1. Kindly check whether there is at least one residue in region 328-349 that is more than 24 Å from the chain's Cα centre (by Cα), over 25 Å from Phe95 (Cβ atoms) and assigned to a helix (DSSP H, G or I).
2. Please state which of the following conditions Gly117 fails to meet, knowing it meets all the rest: (1) part of a strand (DSSP E or B); (2) surrounded by fewer than 24 Cβ atoms within 10 Å (Cβ to Cβ); (3) among the small types (Gly, Ala, Ser).
3. Where the second residue is assigned to a helix (DSSP H, G or I) and of a type outside the set (S, T, N, Q) and the first is farther than 21 Å from Val165 by Cα and lies in region 84-107, which pairs have Cβ atoms under 7 Å and are six or more apart or on separate chains?
4. Out of Ala209, Ala257, Ala205, which single residue is over 28 Å from Gln85 (Cα atoms), assigned by TED's automatic domain parsing to the domain that holds Tyr106, of a type in the set (A, V, I, L, M) and buried (at least 22 other Cβ atoms within 10 Å of the Cβ)?
5. Determine which member of the set Gly275, Gly336 is at positive phi and not assigned by TED's automatic domain parsing to the domain that holds Ala55.
6. Report yes if Ala53 is under 20 Å from the mean Cα position of the chain (by Cα), more than 21 Å from Leu260 (Cα to Cα), among the aliphatic types (A, V, I, L, M) and surrounded by fewer than 24 Cβ atoms within 10 Å (Cβ to Cβ), otherwise no.
7. Among Leu366, Leu359, Leu316, which is at pLDDT below 95 and aliphatic (A, V, I, L, M)?
Amino acid sequence: MGDYRTSFKLLCPGPVNVHPEIARALTAYEICHREEEFEALLAATRRNALAVAGADAAVYSALVVTGSGTAGNEAVLASAVAPDQTVVVLSNGEFGTRLAQISSVYNDTVHLEHAWGEPLDLHRLSEVLHERGDIGLVAVVHHETSTGVLNPVEAIGELCALHGVRLFVDMVSSYSADPVDLSSGAITFMTTSSGKAIAAYPGLALVIARRDALEALGDLPVKNHYLSLYRHHRFAEDHEQTPNTPAVPLVMALNRALELALEEGVEARRKRLAGLAAYVRAAVRERGLSLYVEDQPLSSVLTSVRLPEGVAFEPLRRALREWGFVIYGGKGPLTGQIVQISTISDLDTDVIDAFFAALDEVMPHLRVVRGGQLRG
């Protein structure tokens with residue numbers, strides 16, 4: 001068992017290494033969540049979350065839920081659908097499938113499942129929306145973290161608008177990194193997490209939703225008490241509060257992360273993250289390695305790389321840990337096939353160079369040739 005009193009360079013898509021100012025914000029003040037100081041903090045956090053998203057505060061509201069990104073997703077899927085309505089979930093990876101699993105707990109759900117990394121077939125979605133009149137919500141992941149693929153949420157939004165159906169976009173990992181246009185209003189609900197690309201500590205979910213949709217939730221039956229979006233909406237609007245005890249230090253850290261994103265400039269931040277991802281992909285190709293997906297839009301959050309023949313992930317992970325780096329491997333059908341390198345932590349190209357220097361050092365000792373002998 002490892003010693004928790006250890007620090008690594010986290011090249012995984014959450015948790016992340018945080019900026020020193022975010023670390024200081026975690027313990028900067030001691031306040032009570034039912035006092036006016038927390039109300040001011042929550043108001044600032046909600047306001048800054050909308051600004052980073054590029055959402056019009058007159059149209060959208062931001063809610064803070066203490067829990068992981070999955071808690072935010074469950075809050076939407078448990079709150080937003082009437083008993084006589086159906087949810088359509090599109091998936092092409094682990095996290096789209098998770099949306100379908102959560103939805104099926106609360107709602108009649110149609111799961112339009114695709115192979116991992118496969119482009120979403122919007123013709124299938126169009127057919128379902130045309131044939132059925134009971135669709136209350138379409139749900140999709142923007143950045144499918146299990147592969148690195150970006151899904152076409154704007155095109156999906158146009159289809160939903162054409163049929164008068166609301167759209168929920170899981171932006172748990174892509175918020176603040178990969179742009180999504182909210183100006184059309186086609187996205188009704190979106191979610192993210194504090195411990196992903198915004199690069200704060202994990203433990204908070206943000207739900208950004210149209211104000212008119214949040215108000216309409218009051219007419220629906222309650223399916224989940226703690227994760228009731230209408231309760232969160234009413235507490236936020238009426239009192240600038242949360243309905244249950246929030247993780248106050250995490251809100252402080254999240255708000256500082258949002259402030260730093262706005263100080264840097266949202267577009268500049270996205271450009272920086274895209275540049276780091278491009279830097280990694282160039283280094284990957286220089287070594288003769290290939291990306292898992294080459295012909296689809298990719299997120300700036302991470303790069304999925306095919307493991308070369310003869311290299312197993314677990315020995316590679318352990319070897320890189322010795323150099324102080326933490327990486328993730330593939331899940332589900334991609335187990336043992338890919339390695340993921342994320343650049344959303346507080347890092348720069350010097351850290352990336354050091355990572356690839358470590359990779360160059362360990363890789364020759366991990367290759368296995370016929371007969372199970374190590375090469376190198």
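1. Within region 328-349, not a single residue is more than 24 Å from the chain's Cα centre (by Cα), over 25 Å from Phe95 (Cβ atoms) and assigned to a helix (DSSP H, G or I).
2. (1)
3. Glu94/Gly332
4. Details: Ala209 fails: over 28 Å from Gln85 (Cα atoms); Ala205 fails: over 28 Å from Gln85 (Cα atoms).
Answer to the selection: Ala257.
5. Gly336
6. For Ala53, the condition - under 20 Å from the mean Cα position of the chain (by Cα), more than 21 Å from Leu260 (Cα to Cα), among the aliphatic types (A, V, I, L, M) and surrounded by fewer than 24 Cβ atoms within 10 Å (Cβ to Cβ) - is not met.
7. Numbers: Leu359 fails: at pLDDT below 95; Leu316 fails: at pLDDT below 95.
Result: Leu366 is the single residue among Leu366, Leu359, Leu316 that is at pLDDT below 95 and aliphatic (A, V, I, L, M).
A quick yes/no check of all residues on (1) of a type in the set (Asp, Glu); (2) within 23 Å of Ala357 (Cβ to Cβ); (3) at pLDDT 95 or above; (4) part of a strand (DSSP E or B):
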site	(1), (2), (3), (4)
Arg256	no, no, yes, no
Glu259	yes, no, yes, no
Arg269	no, no, yes, no
Gly275	no, yes, yes, no
Gly288	no, yes, yes, no
Val305	no, yes, yes, yes
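The values are calculated or read from the model by the stated rules, or taken from the named source; none is laboratory data. All values derive from a computational prediction rather than experimental measurement. Here Cβ is always computed from backbone atoms with ideal geometry, including for glycine, and neighbour counts include all displayed protein chains.
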